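The values are calculated or read from the model by the stated rules, or taken from the named source; none is laboratory data. What you are looking at is a predicted structure, and each value in this text was computed from that prediction instead of being measured. When we count neighbours, we look across all protein chains shown, and the Cβ atoms used for this are built from the backbone with ideal geometry, even at glycine.
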Protein chains: 2
Amino acid sequence: MDKKSLHSVALSMRSLTIDAIQKANSGHPGLPLGAAELGAFLYGAAMKYDPADPSWIDRDRFVLSAGHGSMFLYSILHLAGFPISIDDIKAFRQVGSKCPGHPEYGVTPGVETTTGPLGQGIAMAVGMAIAERMMGSKFNRPGFTVFDHYTYTLVGDGCLMEGVSSEACSLAGHLGLGKLIAYYDSNAVSIDGPTSITFTEDVGKRFEAYGWQVLSGDMYDFEGLETLTAKAKTDAGRPSLIILKSVIGKGSPNKQGTSGAHGSPLGEEEAAKAKAILGIPLDQPFWAAPEAYAFFEKRRVELAAAKAAWQKTYEAWGKANPELSEELSRWYFNRPAKEPDLPSFTAGDKIATRNASGKVLAAIATAWPNLVGGSADLQNPNVVGLPADPAGSSSVFGKDNPGGRYLHFGVREFAMTAITNGIALHGGLRAFTATFLVFADYMRPAIRLAALMKLPVVYVLTHDSIFVGEDGPTHQPIESLTALRTIPNLTVLRPADAEETAVAWRQAMERTDGPTVLALSRQNLPVVVKDDPEWPYTMALGAYVVRNPKVAPDLVLAASGSEVSLALAAADLVSGKKPNLAIRIVSVPDRGTFYKAPAAVRDAILSPPAKIFVAEAGISMGWERIAPFENILSIERFGESGPGDKVAAALGFTAQAFADLIMARLMK
Amino acid sequence: MDKKSLHSVALSMRSLTIDAIQKANSGHPGLPLGAAELGAFLYGAAMKYDPADPSWIDRDRFVLSAGHGSMFLYSILHLAGFPISIDDIKAFRQVGSKCPGHPEYGVTPGVETTTGPLGQGIAMAVGMAIAERMMGSKFNRPGFTVFDHYTYTLVGDGCLMEGVSSEACSLAGHLGLGKLIAYYDSNAVSIDGPTSITFTEDVGKRFEAYGWQVLSGDMYDFEGLETLTAKAKTDAGRPSLIILKSVIGKGSPNKQGTSGAHGSPLGEEEAAKAKAILGIPLDQPFWAAPEAYAFFEKRRVELAAAKAAWQKTYEAWGKANPELSEELSRWYFNRPAKEPDLPSFTAGDKIATRNASGKVLAAIATAWPNLVGGSADLQNPNVVGLPADPAGSSSVFGKDNPGGRYLHFGVREFAMTAITNGIALHGGLRAFTATFLVFADYMRPAIRLAALMKLPVVYVLTHDSIFVGEDGPTHQPIESLTALRTIPNLTVLRPADAEETAVAWRQAMERTDGPTVLALSRQNLPVVVKDDPEWPYTMALGAYVVRNPKVAPDLVLAASGSEVSLALAAADLVSGKKPNLAIRIVSVPDRGTFYKAPAAVRDAILSPPAKIFVAEAGISMGWERIAPFENILSIERFGESGPGDKVAAALGFTAQAFADLIMARLMK
């Protein structure tokens, strides 16, 4: 290890950090100044990567869980030779920059994930380490190691205070993810002051309790970093936490070691003082040490040699295992192994969409052998069990079964969702999670990140309305569906019956630019007769006509999920009283997509000037775009504990009530 | 301790559990059967309470964090003499029952909080223990102990897997909450099977790491329960976790010890077998042992004596401390000590609403000395510091400062919110929390429970739009405000300026039937000139007219928060081109309340048939109720990192863009 050069790298990181944040007049110098040595060590000595090919499938992953310290990443990625120029760094925190305020996946080469919302980074790192083990188990062959990399992450005090890190690290310990190495930048300072004001737990002991190897050292000791990291690697059966004592804002004479260094520019004067102390030339803004650049030129040669060796192995592996090689391609190109043999359903049969989903998932999982996932301790209620793999081994992924596909996430909805983001980010795998719809609230911060990062994960959210029944208001979604619909780039599909469920799963699997919710019923629903045999194509636009009168409709009843059959029943009741009314029924499994459809499509489906009525077993919000509030049968309060039909009756949410509302409005 | 009687109590709990769940054909027998002894011990021997006065201010609190085991509570509360009859228990899980599927605060006498969403119960218990210490510190006087009670909670594996329990228990350890005693019903089974499939951490060690006393024993050993509980109490400086090995579904010969006992009725046959084994008469449905009733008759005499002794102390305390006694009344009746001396602001001055909130909060906190709260490590950015108390001691609540009012929650948004629910549930105190608006996602499951329980807590959520700026899309709310507006019974106030902020805080404090969000700007906003001097009264209806033309308006521009000044600027731009148009500006700080206002009020404000336009720095959803989507300037995508005004320009969210939209629509 070339300690002298690594020092120059760390110094250069500090220089770029100070100036970038000063120029932007915004940013968080505390972490990059305090932990620069770790960046220098990881990219300069520990990690394997290829700056010219940031998406190399067997690269080591690094996740900056403490995302506010983004200049840590940008400065080291620049120095290491990733396509990030000094001009990019000068544009730190400006619109359109490659160097946004927090690291953003897809924006900056070498940035593995979007971080900033604390605690989620380490959970995503857990997901990446899971994915590495799965991919290695699937594709490595004796003599040919295609997947064999580490996942490194840097966490701060904030990450470790967040509950999601507890959930994820407990699971990582259970799974024995030996290739996961977390460095804890223990600077004992958070925004409000020293961590002693609120965070006095024994973090090392806590991680030992999770089954981790816990090591300690000093952030500013390169040899120590090397020894500790080597020790972490020798323990193949446990993830490692390396606690590094550090000084936040190191180098800033008046701010280091205090919360003043955390999240504001040092200021002109303090920046100058820091530079003088550190030995950074005052007259060269955005200076980086020539030794640092020179060091990485050499380093890239070594890295390229390693990459070339891997490439050779990879190609030889491909020749020796052509079918496996094709399968790897399919996994990365999101192609199924075969057309999914989706089950068919019979009109009139009654089946809960969660049960239909279970049947569909079996077919989907066969077609997409790279689909992995699981539930937060609701495997059977969510109906998401996966078939055992063809080799007959258990389907459950674990310490001793790296080839398993089913993940027992435990009652850890938030970590489950963040981990799944990590699996998707790793590449090669598709992933789903499952719980009750109402507990999407627990998942929400990670769903948001999935949507922001455009990750094609699938959320199977069952028990999607008051028809949950006896479990009562804590378990009955009222606002849950609408709250999910608010998230940009999240597709929310609520199929009306078993047939729509099959199409919905297919859509979710074919989507590659963002996550999809499948909102599914607990209760049985009839398979609906659909007038248009081409309905699945129209459904991709968000809505389609289920039942069409022979003439232009006077009324259009629109709904999603279980309310489609309710609307059909209500239409019959209305027709019983007003046989001359032409009533069209529209299913809207994906309201967000429907609203984005061209006006001509929307008009073709809603048939203006027909009067539109909507039923939704939840709040009305958002339906007012197509129907006046007064035309919507909705539930604007929390639910009740009782059998589903009794709850619905108590809340006035029945086909009769919908018919009554329609009749009353028609009288006006 | 009368072990024989306690056995009969536990047996009766099991009997009622089996039959209630069997009759409802729905419910979770596993926990009540497995942990009945703890219920018998707590209510039969350990706790002080008054079944005739379930809201006695110094009662011990018990929180069933594993809320699905609700029959544990209903059966023991019935036996202990709370007003829950056998008929109530027969109506378990029926609409309108006192015994809903999960325990619900406000529905069942003796139920301290709503549980079911896992992990939150123990976090609320932490809040109750904090409140007890605060209340004791404030009101106890030498010789007069008004507040001195324990908070007990029962947690299951699921609760301990959830991250919120980690956050809350880490804080509880830090705060040294010695009067908090958590019993861990360690049955090693969850819904998907044995916990060994996903939860193999060393829970005891983890809690030791948090600074807890950790004890272990057997669920079925009354003497052990007594000894362990006594030991927990002797450690006044640490909360205690008592790990109790138990058998889920104990007594059910074929299901006990398996996940099959968790969440489904035993079934007729298995129920009969269980009864035979346990010694429950087969021919007497809903049987409870006469010895159990008799035991509690005696017990109530003891409890009444204890309560009477307390009452005597309380009355003597009141006589000796009349001012303090009056203060206690005010705290419970939610009356301020004096009218808040709210700051005044000058029209045209520019001040961020978060900064205005800081000034207002100082006045509010003086007027309501029972207001406590804090931030998730964002005290200064949220501007929620509290003044030191008049005695000059630190304002920060802690181990050595029980009289503090400010809570350093740490980066633990979810626990913060659940803990605050516990503080509010305890009674006597008002509470607020604070973080960035975008991180309301982390708080959300606990906000939902606050809304469901009608708890008057206040959420100070700053940095309320893309005008956050450089921190970028992870920190910029887009959907956050609307997502909060979806939650029933949650008031979401987004004040347009400093003056509205003062009114909003006042409204939040005067609200007693549910939580309130204050969504506040990071950026400066001008104090708006308001045409109607009576505007604060109208604001209570959700919206009011800010600027009114002399004639009936042709256009109404409606908005909340920072978009009100944007609308004013846009109106000037439109007037510049179309001077004859009469334009009204409406501020809608509380859209939900406005939508519920009588039609006459809404019409008076929106002045049909004026054309309505809306600007919202986020998604449009919900505004379509008053304006067509095409008339709304909104942001339907995630944000960008950059200075706020540059981000706004890049996203087309400016006064000019709003004016252009209006002009373009008028041309049609």
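A:PRO381 falls short on exactly one of the conditions (1) of a type outside the set (A, V, I, L, M, F, W, C); (2) assigned to a loop (DSSP other than H, G, I, E, B); (3) at the interface with chain B (Cβ under 10 Å from one of its Cβ atoms); (4) under 22 Å from A:ASN355 (Cα atoms), and that condition is (2). Within the range B:1-14, the set of residues being part of a helix (DSSP H, G or I) and either closer than 15 Å to B:GLU268 by Cβ or not polar (S, T, N, Q) (or both) comprises B:LYS3, B:LYS4, B:LEU6, B:HIS7, B:VAL9, B:ALA10, B:LEU11, B:MET13, B:ARG14. Checking each residue in the range A:50-73 for being part of a loop (DSSP other than H, G, I, E, B) and closer than 29 Å to A:GLU315 by Cα picks out A:ASP50, A:PRO51, A:ALA52, A:ASP53, A:PRO54, A:SER55, A:TRP56, A:ILE57, A:ASP58, A:ARG59, A:ASP60.
For the range A:70-92, the tally of residues that are touching a residue at least 60 places away in the same chain (Cβ under 8 Å) and more than 13 Å from chain B (Cβ to nearest Cβ) stands at 10.
Residue count for the range A:435-456, restricted to those that are more than 20 Å from A:SER357 (Cβ to Cβ) and assigned to a helix (DSSP H, G or I): 10. Inclusion of A:ASN370 among residues that are in contact with a strand residue (DSSP E or B) (Cβ under 6 Å, 6 or more places away or on another chain), in the same structural domain as A:LEU518 (by TED's automatic domain parsing) and polar (S, T, N, Q) is warranted.
Of all residues in the range A:546-558, those that are outside any loop (DSSP other than H, G, I, E, B) and among the charged types (D, E, K, R) have Cβ atoms under 6 Å from Cβ atoms of residues that are modelled with pLDDT of 95 or more and surrounded by 20 or more Cβ atoms within 10 Å (Cβ to Cβ), 6 or more apart or on another chain, in A:ARG547/A:ILE585. Which residue out of B:ALA365, B:ALA352, B:ALA376 is of a type in the set (A, V, I, L, M), more than 21 Å from the chain's Cα centre (by Cα) and buried (at least 21 other Cβ atoms within 10 Å of the Cβ)? The conditions single out B:ALA352. So A:TYR314 clears everything in (1) surrounded by fewer than 17 Cβ atoms within 10 Å (Cβ to Cβ); (2) farther than 29 Å from A:ARG444 by Cβ except one condition, right? Which one? It fails just one condition, (1). Among the residues of the range B:143-164, which ones are more than 22 Å from the chain's Cα centre (by Cα) and either farther than 30 Å from B:SER325 by Cβ or part of a strand (DSSP E or B) (or both)? Once the filter is applied, which keeps residues that are more than 22 Å from the chain's Cα centre (by Cα) and either farther than 30 Å from B:SER325 by Cβ or part of a strand (DSSP E or B) (or both), the range B:143-164 yields B:PHE144, B:ASP157. Residues that are over 17 Å from the mean Cα position of the chain (by Cα) and more than 9 Å from chain A (Cβ to nearest Cβ) do not occur anywhere in the range B:116-124.
B:LEU386 falls short of the stated requirement of being within 19 Å of B:ILE130 (Cα to Cα) and at pLDDT 95 or above. Which of the residues spanning the range A:465-518 are β-branched (Val, Ile, Thr), farther than 28 Å from A:VAL529 by Cα and either crowded, with 24+ Cβ neighbours inside 10 Å or within 14 Å of chain B (Cβ to nearest Cβ) (or both)? Result: A:THR474, A:THR486, A:ILE487. When the range A:610-621 is filtered for residues that are touching a residue at least 24 places away in the same chain (Cβ under 8 Å) and in contact with a helix residue (DSSP H, G or I) (Cβ under 8 Å, 6 or more places away or on another chain), the ones remaining, listed by number, are A:LYS611, A:ILE612, A:PHE613, A:VAL614, A:ALA615, A:GLU616, A:ALA617, A:GLY618, A:ILE619, A:MET621.
Checking B:THR145, B:THR114 one by one, the residue that is under 30 Å from A:MET443 (Cβ atoms) and out of contact with any strand residue (DSSP E or B) (no Cβ under 7 Å at 6 or more places or on another chain) is B:THR114 and no other. Is it true that some residue in the range A:414-427 is in contact (Cβ under 8 Å) with a residue 24 or more places away in the chain and outside any helix (DSSP H, G or I)? Yes, the conditions are met somewhere in the range A:414-427.
With respect to the conditions (1) free of Cβ contacts under 8 Å to residues at least 40 places away in the same chain; (2) facing chain A (nearest Cβ under 9 Å); (3) buried (at least 24 other Cβ atoms within 10 Å of the Cβ); (4) among the hydrophobic types (A, V, I, L, M, F, W, C), B:VAL95 falls short on a single one, namely (3). You will find that of A:SER190, A:SER166, the residue that is at pLDDT below 95, small (Gly, Ala, Ser) and closer than 24 Å to A:LEU38 by Cα is A:SER190 and no other.
Applying the condition of being more than 8 Å from every other protein chain (Cβ to nearest Cβ), part of a strand (DSSP E or B) and among the small types (Gly, Ala, Ser) to the range A:165-192 and asking which residue is farthest from B:MET161 (Cα to Cα) yields A:SER186.
Taken over the range B:230-263, the criterion of being more than 28 Å from the chain's Cα centre (by Cα) and farther than 18 Å from B:THR195 by Cα is satisfied by B:ALA230, B:LYS231, B:THR234, B:ASP235, B:GLY251, B:SER252, B:PRO253, B:ASN254. In this entry, B:GLU624 is excluded by the filter for residues that are among the acidic types (Asp, Glu) and touching a residue at least 12 places away in the same chain (Cβ under 8 Å). Here the range B:149-164 is the region considered, the condition is being touching a Leu at 6+ places or on another chain (Cβ under 7 Å) and more than 7 Å from chain A (Cβ to nearest Cβ), and the residue that is farthest from B:GLY44 (Cα to Cα) is B:CYS159.
Checking the stated criteria, A:ALA209 turns out not to satisfy the condition of being over 29 Å from the mean Cα position of the chain (by Cα) and at negative phi. Surrounded by fewer than 24 Cβ atoms within 10 Å (Cβ to Cβ) and under 25 Å from A:PRO239 (Cβ atoms), is that true of A:ALA123? The answer is no for A:ALA123.
In a residue-by-residue description of the range A:445-452, the property of being closer than 28 Å to A:ALA125 by Cα and surrounded by fewer than 24 Cβ atoms within 10 Å (Cβ to Cβ) applies to at least one position.
Reported count of residues in the range B:476-495, each being charged (D, E, K, R) and over 18 Å from the mean Cα position of the chain (by Cα), is 2.
Entry remark, the range A:351-376: residues being polar (S, T, N, Q) and in contact with an Asp or Glu (Cβ under 6 Å, 6 or more places away or on another chain) number 0 in total. Selection of helices (runs of 4 or more DSSP H) fully inside the range A:255-357 by the criterion of at least 2 residues being farther than 30 Å from A:LEU378 by Cα, of a type in the set (S, T, N, Q) and not assigned by TED's automatic domain parsing to the domain that holds A:GLU500 returns A:290-320, A:322-332.
With respect to the conditions (1) away from chain A (no Cβ under 14 Å); (2) of a type in the set (S, T, N, Q); (3) crowded, with 24+ Cβ neighbours inside 10 Å, B:THR113 lacks only one, and its number is (1).
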